[in-house]
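Encoded as structure tokens, the structure appears first; notes follow it.
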Amino acid sequence: MAEAVKEILEAPQTRRPEPEELRAEVSRLKKAERELRSEHAAEVRELKDTVATYANQIQVLTLRNAELETQNARLLERLRQSGDNVAVLPAPSLPSP
């Protein structure tokens with residue numbers, strides 16, 4: 001790296017950027033970096049919102065599943081208690097498309 005800098009400095013015919021050009025480039029790069037950081041932050045926020053939504057849906061489904069299991073257990077107990085008074089129906093067939 002140092003060798004490359006020496007070569008550039010020793011070559012007087014090499015065009016060197018003016019300080020104003022360098023400042024403009026630095027400003028442009030800083031602006032681009034800010035935009036990228038902003039976009040990245042927005043993506044992270046969106047992903048966090050998505051994760052929170054999925055977590056809420058999982059929680060709701062888990063609670064509903066527990067309710068259905070409890071209800072199913074109650075119905076099975078009622079069925080056992082009823083003895084032979086209950087006729088078993090055949091499982092419904094799925095409609096053909």
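Under the condition of being of a type in the set (Asp, Glu) and loosely packed, with under 10 Cβ neighbours inside 10 Å, which residue from the range 13-31 is modelled with the lowest pLDDT?
Per the criteria, the residue is Glu18.
Contact list please: Cβ distance under 9 Å, first residue in the range 71-91 and surrounded by 10 or more Cβ atoms within 10 Å (Cβ to Cβ), second residue at pLDDT 75 or above, pairs at least six apart or on different chains.
The qualifying pairs are Val86/Arg78; Val86/Leu79.
The values are calculated or read from the model by the stated rules, or taken from the named source; none is laboratory data. Everything quoted here is computed from the prediction, not taken from an experiment. Because the Cβ atoms are built from the backbone with ideal geometry, glycine has one as well, and the counts that use them run over all protein chains shown.
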